[in-house]
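Remarks on the structure that follows.
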Amino acid sequence: MDRASRFCRRTFLGDAWRTVAWGAAGVVTLGLAGMLRHVVGRTIDIPLPADLLERAGRQDGVQVDGIFVRWSGDTPTAFSLRCTHLGCRTRPDPASGGFACPCHGSRFDREGAVIRGPAEAPLARVPVRLEGARWIATVEADHG
Ligand code: FES
């Protein structure tokens, strides 16, 4: 083997090794970023203005940004409208006061509990807090 061909093979192997090493580093970095996102999570605040809350009181609840807000005593409560089966958005069912999923027929009562599957878990509660004079609901960024 002459010197020129050994040099080319050495150069090729060095480049290939660097490519593999950078690729592996990228995969590890993306994996760690995904784990951190899962652990830390991301949330979004949804302000609940007075007129919306007044309407929620009058109509026994309102939808806003994928959540349903209803008064419970003197505190607004909220839960996600995302179906716990495969993630379709449920719709309020005025006849029952609960919620119906249009995708596979799950039904939930007015508190979000499952009354008919295939969903097995209740609709997720959404925390609501009072900040100054404003009520704010906090949802996961991917709540649907
Ligand atoms: S996604 Fe709601 S029942 Fe399947």
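Residue under question is Arg18, and the condition is that it be at pLDDT 70 or above, more than 20 Å from the chain's Cα centre (by Cα) and on the phi < 0 side of the Ramachandran plot; does it hold?
no
So, in the stretch 113-138, how many residues would count as being assigned to a loop (DSSP other than H, G, I, E, B) and either away from the ligand (no atom under 13 Å from the Cβ) or among the hydrophobic types (A, V, I, L, M, F, W, C) (or both)?
8
If you take the residues of the stretch 74-107 that are near the ligand (Cβ under 8 Å from one of its atoms) and among the β-branched types (Val, Ile, Thr), which of them is surrounded by the fewest Cβ atoms within 10 Å (Cβ to Cβ)?
Of everything passing the filter in the stretch 74-107, Thr84 is surrounded by the fewest Cβ atoms within 10 Å (Cβ to Cβ).
If I ask for residues that are part of a loop (DSSP other than H, G, I, E, B) and in contact with a strand residue (DSSP E or B) (Cβ under 7 Å, 6 or more places away or on another chain), which ones from the stretch 55-82 would you list?
Of all residues in the stretch 55-82, those part of a loop (DSSP other than H, G, I, E, B) come to 60-61, 65-66, 73-74, 81.
Once the filter is applied, which keeps residues that are part of a loop (DSSP other than H, G, I, E, B) and in contact with a strand residue (DSSP E or B) (Cβ under 7 Å, 6 or more places away or on another chain), the stretch 55-82 yields Asp60, Gly61, Asp65, Gly66, Leu81.
Read through the list (1) in contact (Cβ under 8 Å) with a residue 12 or more places away in the chain; (2) closer than 20 Å to Gly132 by Cα, then give the number of the only condition that Pro118 fails.
Failed condition: (2).
The values are calculated or read from the model by the stated rules, or taken from the named source; none is laboratory data. None of these values were measured; they are calculated from a predicted model. Glycine also receives a Cβ, built like all others from the backbone with ideal geometry; neighbour counts cover every protein chain displayed.
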